[in-house]
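Some notes on the structure that comes next.
The values are calculated or read from the model by the stated rules, or taken from the named source; none is laboratory data. Here the structure is a predicted model, which means the values were calculated and not measured. For neighbour counting, all protein chains shown are included, and Cβ atoms are generated from backbone atoms with ideal geometry for every residue, glycine included.
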Amino acid sequence: MGTNSSVIRFYETGELEVLNMENVTMEDPVNDEVLFKVDAFALNRADVLHYQGFHTTLPDFPSRIGSEATGEVLKVGSTVTDFKVGDRVTSIPFNTSKYGVQGTHALVPQDYLTKAPVNLTVEEACAIWMQYSTAYFALFHIGSVKKGDHVFIPAISSSAGYGCFELARDAGAIPIGSTRTSVKKEELTQLGIDHLIITNEEPVEKRLLEITEGAGVSFVYDPVAGNFCNEYLDALSMGAVVIIYGLLDPNPTPFPLVPLIRKKAIMDAYSQFNHVEDINKLNECKAYVLERIEKGALKPLIGKVFAYKDYKKAYEYMLSNQQVGKIVVKINQ
């Protein structure tokens, strides 16, 4: 019989104006699908890449958008075993053009849902999985980061950057963050980021070597890429791993063959979507992150909350790069 819903979707790629809020009838869940009423959803840079046509997931028009939401289960498919009507759930991003969660209702396969942690607010519960799963596989499956390692996190004020900071610190590594200007310096320092480089004011390579006492950084979690890579490559330690997971610098990213050879380093073109497709790895990540959220070691940082009717203002705010933490849209705000 379907469910009357309001959703955000687009019919062509382009700039922000391609997004539309539309009334639709959501089909009932089948097989392993779960339908839930959305209380809040989070925005990610991946969403911008999706509507612009630059994401690894190609849109299937008319395409919904978004991967992180939280709310209450309304209906479940015939093979669903992990959830029941009334459960509070939160969604995990995965590589598909079929499912999008930005709107009043969302349909998601049960493997890509977890129970919403009871010690988090609605806003925090919808902001878990993009930041922590992206950082988890990068840090521990590719980077093999361990206690005492120096971890460089450019754009640390983003939700992805701050999530990596929390996970690295929890593992006993030594995080080093960067931000372009001093505008966010005081706020980031108050959040416990003891080592912070202002990239428009300080030489990145020199500061990294100073902070690491000449040892260099063993892991880089870089969403900037482009020409920015050249600012830190000579500050890598032997055997370092560089994760490129974003394209904030519009310039093409060079492949720095010689600097990588000198340090026996690896540069990885990374997406968490290539890891969450492995259900065993995904379940490992779920258990690791949820345990630490329950203990209070991890807590999503919320930058700003918008009403559903103002979803485009929320995107505009994200594009302005003013935020520290996650931008959330609350349906009943």
query = When you go through 291, 284 one by one, which is the residue that is surrounded by 13 or more Cβ atoms within 10 Å (Cβ to Cβ), assigned to a helix (DSSP H, G or I) and not assigned by TED's automatic domain parsing to the domain that holds residue 72?
reply = 284
request  = Output the residue which, of all residues in the range 159-196 that are hydrophobic (A, V, I, L, M, F, W, C) and under 14 Å from residue 135 (Cα atoms), is nearest to the chain's Cα centre (by Cα).
outcome  = 160
Boolean, residue 264 is outside any strand (DSSP E or B), surrounded by 13 or more Cβ atoms within 10 Å (Cβ to Cβ) and not assigned by TED's automatic domain parsing to the domain that holds residue 55 = no
query = If a residue has to be charged (D, E, K, R) and touching a helix residue (DSSP H, G or I) at 6+ places or on another chain (Cβ under 6 Å) to count, how many in the range 56-104 make the cut?
reply = 2
inquiry  = If I filter the range 314-328 for residues that are closer than 28 Å to residue 113 by Cβ and without any contact (Cβ under 8 Å) to a residue 40 or more places away in the chain, do I get at least one hit?
reply    = yes
task = Look through the range 66-92, keep the residues that are in contact with a Phe, Trp or Tyr (Cβ under 6 Å, 6 or more places away or on another chain) and part of a loop (DSSP other than H, G, I, E, B), and return whichever of them is nearest to residue 289 (Cα to Cα).
result = 92
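To keep it simple, each residue is scored yes or no on (1) under 25 Å from residue 245 (Cα atoms); (2) crowded, with 17+ Cβ neighbours inside 10 Å.
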{"residue": "11", "(1), (2)": "no, no"}
{"residue": "16", "(1), (2)": "yes, no"}
{"residue": "21", "(1), (2)": "no, no"}
{"residue": "25", "(1), (2)": "no, no"}
{"residue": "30", "(1), (2)": "no, no"}
{"residue": "36", "(1), (2)": "no, yes"}
{"residue": "40", "(1), (2)": "no, yes"}
{"residue": "43", "(1), (2)": "yes, yes"}
{"residue": "47", "(1), (2)": "yes, yes"}
request  = With the condition kept exactly as written, say whether any residue in the range 81-89 is under 19 Å from the mean Cα position of the chain (by Cα) and surrounded by 14 or more Cβ atoms within 10 Å (Cβ to Cβ).
outcome  = yes
key: Residue that is surrounded by the most Cβ atoms within 10 Å (Cβ to Cβ) [pool: residues in the range 49-64 that are assigned to a loop (DSSP other than H, G, I, E, B) and of a type in the set (S, T, N, Q)]   = 57
inquiry  = Please return the ranges of helices (runs of 4 or more DSSP H) entirely within the range 97-205 where 3 or more residues are at pLDDT 95 or above, surrounded by fewer than 23 Cβ atoms within 10 Å (Cβ to Cβ) and in contact with a Phe, Trp or Tyr (Cβ under 9 Å, 6 or more places away or on another chain).
reply    = none
